[in-house]
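First up is the structure itself, then whatever we jot down about it.
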Amino acid sequence: NAGVTQTPKFQVLKTGQSMTLQCAQDMNHEYMSWYRQDPGMGLRLIHYSVGAGITDQGEVPNGYNVSRSTTEDFPLRLLSAAPSQTSVYFCASSLQSKPTYEQYFGPGTRLTVT
Amino acid sequence: AQSVTQPDIHITVSEGASLELRCNYSYGATPYLFWYVQSPGQGLQLLLKYFSGDTLVQGIKGFEAEFKRSQSSFNLRKPSVHWSDAAEYFCAVAGSGNTGKLIFGQGTTLQVKP
């Protein structure tokens, strides 16, 4: 049981480049989400999904796209990277979206946009 | 609007000393509250949670937290800190509805002196 895995661990992009941050879980969790972590701001929700084929925006969705074609995977796409997207990105999953279900976090992807 | 405030950005304690990390929340209804720990370079791990019932909740690694509705607080405590407790600690409240959203505080970095 690998839990929540994220790739890559580190990435450097130039402004305007695109890339996809991968997230996978092997716990058959319905709910998955993406957060970004910035110094002094805690974690902020970017997008979330309550099941395959269903996604919705979180608090800071601009500049990011998501899709959920399978239960296991929830990739985050940056269409045209900007320096403001320099951050640490965390993927999380839980059995369901209700707050009574524990959320499990991946190890994070540290992204730098120059 | 819902929010979480952690007034202390950085705390230093001696090994063996007691610890209290402060957390204040703003939420209209009965909140679902969480404390997470993030060790350097790692993802977030759930320490403990409060949903209802006994206002003193026990967590992993010897941590406990007390929910005080009158003070809108959910402070984290540990009687005797170990060097391995050095990490960043996040308080969070579940967002309204069943979106799975967690609203995080800014985080408190704990340094442990030998």
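Take the alpha-carbon centre of segment A:1-68, take the same for segment A:93-109, and report the distance between them in whole Å.
Segment A:1-68 and segment A:93-109 have Cα centres separated by 12 Å.
Which of these, A:Thr100, A:Thr70, A:Thr55, has the largest mean-square fluctuation under a Gaussian network model of chain A (Cα springs below 10 Å)?
Of A:Thr100, A:Thr70, A:Thr55, the Gaussian network model singles out A:Thr100 as fluctuating most.
For segment B:2-114, what ratio Rg/Rh do Cα atoms give with a Kirkwood hydrodynamic radius?
Reported Rg/Rh, Kirkwood definition of Rh: 0.95.
With a 10 Å Cβ neighbour count serving as the proxy for reagent exposure, in which order, fewest first, do A:Ser94, B:Ser73 appear?
Exposure proxy ranking, most exposed first: B:Ser73, A:Ser94.
Over the protein assembly as shown, how many pairs of lysines fall under 25 Å by alpha carbon, counting only those 8 or more apart in sequence or from different chains?
13
Rg and Dmax of the protein assembly as shown, using alpha carbons, in Å: what are they?
According to the Cα coordinates of the protein assembly as shown, Rg and Dmax are 17.5, 52 Å.
Quick check on the exposure proxy: order B:Leu47, A:Leu43 from fewest to most C-beta atoms within 10 angstrom.
Lowest count first: B:Leu47, A:Leu43.
Roughly what % of Cα-Cα distances in chain A sit above 22 Å, to the whole percent?
The calculated P(r) of chain A puts 25 percent of pairs beyond 22 Å.
Could you list the chymotrypsin sites (Phe, Trp or Tyr not before Pro) in segment B:48-90 that lie in coil according to DSSP, counting only those with at most 15 other Cβ atoms within 10 Å of their Cβ?
When the chymotrypsin sites (Phe, Trp or Tyr not before Pro) of segment B:48-90 are filtered for loop state and at most 15 Cβ neighbours within 10 Å, B:Phe51 remain.
In Å, what is the Rg of the alpha-carbon atoms in segment A:30-88, and how long is Dmax?
11.6, 34
Values quoted throughout were computed directly from the atomic coordinates according to the rules given, and no laboratory measurement underlies them. Just so you know, these numbers come straight off a predicted model, no measurement behind them. Because the Cβ atoms are built from the backbone with ideal geometry, glycine has one as well, and the counts that use them run over all protein chains shown.
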